[in-house]
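The values are calculated or read from the model by the stated rules, or taken from the named source; none is laboratory data. A quick note: this is a predicted structure, and the numbers were derived from the prediction, not measured. Positions of Cβ are backbone-derived with ideal geometry, glycine not excepted, and every protein chain shown enters the neighbour counts.
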């Protein structure tokens, strides 16, 4: 009786092992769901379809155990591009126009095909003024520039100063300085007017500086928070902006606002004038030029003319006498 029991147990174990072995051979990897990501490249302002725009897609985190190498595609004559297959997960994409890579964007691929219309701005080539300062504000008048900085020299340690520069053959050379009356004040923007230098001080004050000696000649309290200032020579008036609004002021009394425009989903951080008003939006990283009716005439991505890459987070900007836009960064 004992022998029979042992035989039954052994036979049962053999059958179970054979079953496991058979299952081992029958295991197959489940099919990973895959989809298509396609779209169309269009001009940011006109909506016209754009050919020959390169788009690069990179995976940042996949939801399944699958590798997705970085891939590129180029829009065809109808502006269309396509990636097939793509897998559920998180990606980044960026486009290249005229050899310049623009700002990276995030993309989530869910369990379905995805389609996107990508608005591509024009390119505006300019120069980054690399100047070390807590508040890198400056203003250019032709080939003369003023910077508001803290001095670290032995004679003027931690003094607030206006450093004067002159532009010669595309290079800025220091020409002199004035002690500034703006000590311990957070300057966010400067602009040359007809008779004075306008300095925007956070959150809501406008200072007027004598350009002959750097002394304070006026101070205006603005009812709105303002982040930037620009002078409009043909209209002989100044423009200021807050986060979502642009304001036009009277020339003799800057405190008085005669016109205003609201821009939702913008963060206006800088203003400049050159044959029209320009604003910089630090939310979408876009430079916009306005026509005389203050409608957007053209939308740009600001590109460093030396590095050929899009520049983000502009702090202040100003045009020189040759129409070259210079910027400082946050």
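Scanning the range 47-66 for residues that are modelled with pLDDT under 95 and assigned to a loop (DSSP other than H, G, I, E, B), we see that the one that is nearest to residue 110 (Cα to Cα) is 63. Across the range 41-66, the number of residues qualifying as in contact with a strand residue (DSSP E or B) (Cβ under 9 Å, 6 or more places away or on another chain) and surrounded by fewer than 18 Cβ atoms within 10 Å (Cβ to Cβ) comes to 16. So is residue 237 farther than 23 Å from residue 162 by Cα and surrounded by 16 or more Cβ atoms within 10 Å (Cβ to Cβ) or not? Against the criterion (farther than 23 Å from residue 162 by Cα and surrounded by 16 or more Cβ atoms within 10 Å (Cβ to Cβ)), residue 237 qualifies. Restricting the search to the range 67-78, which residues are more than 17 Å from residue 114 (Cβ to Cβ), assigned to a loop (DSSP other than H, G, I, E, B) and in contact with a strand residue (DSSP E or B) (Cβ under 9 Å, 6 or more places away or on another chain)? Correct list: 67, 69, 70, 77, 78.
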